[in-house]
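Take a look at the structure below.
Each reported figure results from applying straightforward, stated rules to the coordinates on display, with no laboratory input. In this text, all values refer to a predicted model and were calculated from it rather than measured experimentally. Here the Cβ is made from the backbone with ideal geometry for all residues, glycine too, and neighbour counts use every protein chain on show.
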């Protein structure tokens, strides 16, 4: 390979057209050109979020900054929130809430599974006095390769009255999202995931109901991540603070490509790539970490055979074959590998990465039959390319 290909859960391989857009000369971030750029980005993002009613704000930060903004503007000291983590990034959302003085109760879910809507509904139903001010949800969890059924979780929360914060950093644009229909209050995404732009921008969609609470939350601890200030400047076609202009150019180009391909085709591509990787893993006799019914379309987490070090496999792939995949985090370090599907990747790239993984596993002594994974993945692609029966 002439260059490293990123199969990590972000940042992702960025298309040449997006890179070229990011290399444009700087413009005045208080001038008319940037105003047109920011307004275009916000309008293009609305159908991606599935909203007509929410304000879409663009913040100069990572996805974590967007999550801090969501929690810090909605909640504060003494507020009680129910957190539903399904992995490392769900735990990060808990840490953010606690840093703002929130009292956090955790609805535990085994890693690799999605939050059980029935369990969530039951816990909220038991909150007869409506003491929970908020519910913290994860759309897609890259640390475990799991994704929640957000429609089902929305139905479980509906009727309680708690405000919802959704981490969709690695989920938005890779699968359908209906913010208005599902009734979520704040949804957070980021530029370097399924929209395949460089990192540096968080996108925060804020529903009208959430603004009512934010406007009333006079004691909120916020300055840089003040969503009211972001809304105020957004109405002028600006951001409160100096934005990463180059990343905005790149995100605009990424959204243009998303529109050119169409949402349905982009969603199907992510799902097909993930399906092909899962098929390859199973053909090789490997075990998927995510559970049936909760598989993510943006990252596949795979358990490694006993005695095989995941970090050593990753090093081999990176140094010998230019293939960069993710490793396990926290208690999963060294035990799993994670293969992302986001970014400017082709079917050939996916097949090449699977073949490289097969070789690395074989050289490490894993009991696999080289070639079976590639064949299984190729079968997925060939079947998807066949015309539908009449």
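Please state, to two decimals, what the Cα-based radius of gyration of the stretch 1-128 comes to when divided by 2.2 N^0.38 Å (N = residues). All intermediate terms of the calculation are to be shown ahead of the outcome.
Details: Rg = 19.6 Å, N = 128, 2.2 N^0.38 = 13.9 Å.
In units of the globular-protein estimate, the stretch 1-128 measures up at 1.41.
Restricting things to Cα coordinates, could you compute the convex hull volume per residue of the stretch 269-374 in Å³?
On the way: hull volume 10.0 nm³, N = 106.
Convex hull volume per residue, Cα atoms: 94 Å³.
Okay, which of the stretch 355-378 sit inside 19 Å, backbone N to the point 7 Å along the Cα-Cβ direction of residue 312?
356-370
Subtracting the Cα-Cα distance from 0.36 nm times the residue separation, let me have the gained length for residue 108 to residue 292 in nm, one decimal.
Working: separation 184, 0.36 × 184 = 66.24 nm, distance 1.83 nm.
The span from residue 108 to residue 292 would gain 64.4 nm if fully extended.
At a temperature of 25 °C and a viscosity of 0.890 mPa s, determine how fast the chain diffuses translationally according to Stokes-Einstein, using the Kirkwood radius over alpha-carbon pairs as Rh; express D in µm²/s, rounded to the nearest whole number. Walk me through the numbers before you get to the answer.
Details: Rh = 21.5 Å.
Estimated via Stokes-Einstein, D reaches 114 µm²/s.
For the stretch 262-385, what relative contact order do you get, as a whole percent, if you take Cα pairs closer than 8 Å and at least 6 residues apart? If you can, show how the numbers build up before the last one.
Working: 182 pairs, mean separation 39.1, N = 124.
Once divided by the residue count of the stretch 262-385, the mean separation gives 32 percent.
Can you pull a Stokes-Einstein diffusion coefficient for the stretch 55-160 at 37 °C (0.692 mPa s), Rh from Kirkwood over Cα pairs, as a whole number of µm²/s? Write out the running numbers ahead of the final one.
Values: Rh = 14.2 Å.
Value of D from the Cα-based Kirkwood radius: 231 µm²/s.
For residue 265 and residue 320, FRET efficiency with R0 = 35 Å and r from the beta-carbon atoms, rounded to 0.05? Intermediate results must be reported in sequence, preceding the final value.
On the way: r = 34 Å, r/R0 = 0.96.
FRET efficiency, residue 320 to residue 265: 0.55.
For residue 256 and residue 122, compute 0.36 nm times the residue count separating them, minus their Cα-Cα distance, and round to one decimal in nm. Write down the numbers at each step before the final one.
Details: separation 134, 0.36 × 134 = 48.24 nm, distance 4.23 nm.
That pair, residue 256 and residue 122, stretches by 44.0 nm at full extension.
Just to verify a number: FRET efficiency for residue 24 and residue 369, C-beta to C-beta distance, R0 = 41 Å, to 0.05?
On the way: r = 49 Å, r/R0 = 1.20.
Working from the Cβ atoms, E equals 0.25.
Report the Cα centroid-to-centroid distance between the stretch 56-86 and the stretch 313-334 in angstrom, as an integer.
Taking the Cα centre of the stretch 313-334 as reference, the centre of the stretch 56-86 is 30 Å away.
How large is the helix-only mean residue ellipticity at 222 nm for the chain, computed as the sum of -39500 (n - 2.57) over DSSP H runs with n ≥ 4, divided by its residue count, in deg cm²/dmol to the nearest 500?
Values: 14 runs with 169 residues, N = 390.
Calculated mean residue ellipticity at 222 nm is -13500 deg cm²/dmol.
Regarding the stretch 136-231, what are the three Cα extents along the principal axes, ordered largest first, in Å?
38, 35, 21
Expressed in nm to one decimal, what extension gain is obtained for the pair residue 346 and residue 17 from 0.36 nm per residue of sequence separation less their Cα-Cα distance? If you can, show how the numbers build up before the last one.
Details: separation 329, 0.36 × 329 = 118.44 nm, distance 1.55 nm.
Taking residue 346 through residue 17 to full extension adds about 116.9 nm, to one decimal.
Over the stretch 107-178, one equal point on each Cα, no solvent: what is log10 I(q)/I(0) by the Debye formula at q = 0.11, 0.18, 0.28 Å⁻¹?
The calculated log intensity ratios at q = 0.11, 0.18, 0.28 Å⁻¹ are -0.27, -0.70, -1.40.
So, in Å, what gap is there between the alpha-carbon centers of the stretch 335-390 and the stretch 159-238?
35 Å
Dividing the Cα radius of gyration by the Kirkwood radius, what Rg/Rh value follows for the stretch 209-261?
Working: Rg = 14.8 Å, Rh = 13.3 Å.
Reported Rg/Rh, Kirkwood definition of Rh: 1.12.
Can you give the Rg to Rh ratio for the stretch 193-302, taking only C-alpha atoms and Rh from Kirkwood?
Using only Cα positions, Rg/Rh for the stretch 193-302 is 1.11.
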